[in-house]
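Down below is the structure, laid out as structure tokens.
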Amino acid sequence: MAPTLANRPVARHSLRVMQGERGLMLELSVTGWALAVVAAIAVGLSKGGLAMVGIISVPLMSLVMSPVQAAGLLLPIYVVSDVGGLIAFRRNFDRRVLMLALPGAMAGIAVGWATASIVPVRGVTLIVGVIGLGFALNALIRPLREGAPRRASGAAATIWGGMAGYTSFVSHAGAPLWQVYAQPLRLSPLIYAGTTTWFFAIGNWIKLIPYAALGQLSLANLATAAVLMPLSLVAVWAGLRLVRVIPPKLFYQLITWGLLAVSLRLIWQAVAG
């Protein structure tokens, strides 16, 4: 039988599972819980419109567990936070941009599922980091002129949507690749945030099926995620408030610098192992 993600060797930060009165729960250290709280808040902020913040969640949790287990733990938090984001952005999204990118994302998720047992997470992390770094440096050195947005095309949407779907499946790290596609469109901050939220929300609901099939949605992961979900939902509200008051120019500067910082972190994580 082919190995599943859950059966991969776990790093030295392996976790024990304890049986208590409240059921199965991951036993985390104080540091582990602190990182989990920060990761959950980052997920919520990303669903409130600050998409780049969410990408730090898996790297943070990977400090105390394997990246594979971290992805499984965080997916339910993403899914629940998506509900708050979808309510907040129920009218603020670009339907054309979204519909062009979703078929590619679904294909990317399918590829991720099919290759889950053979593709090293470090390789994907490095690719995401390099692509994100290149785009961020280009945006900073040759800033896009305001008033000249690029029109969404089917080819670009399929390519970048597919890559975002694949990397989102592997480690919830699709935001940099989505940004490569979506930022040049120069959507308003609210429409950009809403379209991003809808794109990843739909992808996360689809990911539940392969994650369950690969054994990543264990009772221990679900119980631990349930404890963190309220913090994430509060952070959705905070992110929504922030994105509504940030000027468009500053908004794109922040996400570009955020992309640069996160990409460097991902490259370091992949190289350092």
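Table for the structure above
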item: Extreme residue, least open to solvent (accessible area, probe 1.4 Å), among residues of region 92-115 that are under 16 Å from Val68 (Cα atoms) and more than 17 Å from the chain's Cα centre (by Cα); result: Thr115
item: Which listed residue is over 16 Å from the mean Cα position of the chain (by Cα), surrounded by fewer than 22 Cβ atoms within 10 Å (Cβ to Cβ), farther than 22 Å from Val58 by Cβ and not acidic (Asp, Glu), from Gly123, Gly215, Gly154, Gly134; result: Gly154
item: Cβ pairs under 9 Å, 6+ apart, first in region 203-221 and over 18 Å from Gly85 (Cα atoms), second open to solvent by less than 40 Å² (accessible area, probe 1.4 Å) and among the polar types (S, T, N, Q); result: Pro210/Gln216; Ala213/Thr4; Leu214/Thr4; Gly215/Thr4; Gln216/Thr4
item: Residue check, Val271 modelled with pLDDT of 90 or more and more than 18 Å from the chain's Cα centre (by Cα); result: no
item: Top-ranked residue in region 236-256 [being part of a helix (DSSP H, G or I) and of a type in the set (Val, Ile, Thr); ranked as most open to solvent (accessible area, probe 1.4 Å)]; result: Val245
item: Filter result (of a type in the set (A, V, I, L, M) and open to solvent by 20 Å² or more (accessible area, probe 1.4 Å)) within region 224-235; result: Ala226, Val227, Met229, Leu231, Leu233, Val234
item: Filtered residue count, region 215-235, keeping only those that are outside any helix (DSSP H, G or I) and of a type in the set (Ser, Thr, Tyr); result: 1
item: Failed condition for Arg241, given (1) free of Cβ contacts under 8 Å to residues at least 60 places away in the same chain; (2) in contact with a Gly (Cβ under 8 Å, 6 or more places away or on another chain); result: (1)
item: Residue in region 26-70 that is most open to solvent (accessible area, probe 1.4 Å), counting only those that are assigned to a helix (DSSP H, G or I) and polar (S, T, N, Q); result: Thr31
item: Unmet criterion (only one of (1) more than 16 Å from the chain's Cα centre (by Cα); (2) within 13 Å of Val53 (Cα to Cα)) for Leu231; result: (2)
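The values are calculated or read from the model by the stated rules, or taken from the named source; none is laboratory data. A quick note: this is a predicted structure, and the numbers were derived from the prediction, not measured. When we count neighbours, we look across all protein chains shown, and the Cβ atoms used for this are built from the backbone with ideal geometry, even at glycine. In case anyone asks, the SASA skips ligands and DNA or RNA and just uses the protein heavy atoms, side chains included. Shrake-Rupley method; radii C 1.70, N 1.55, O 1.52, S 1.80 Å.
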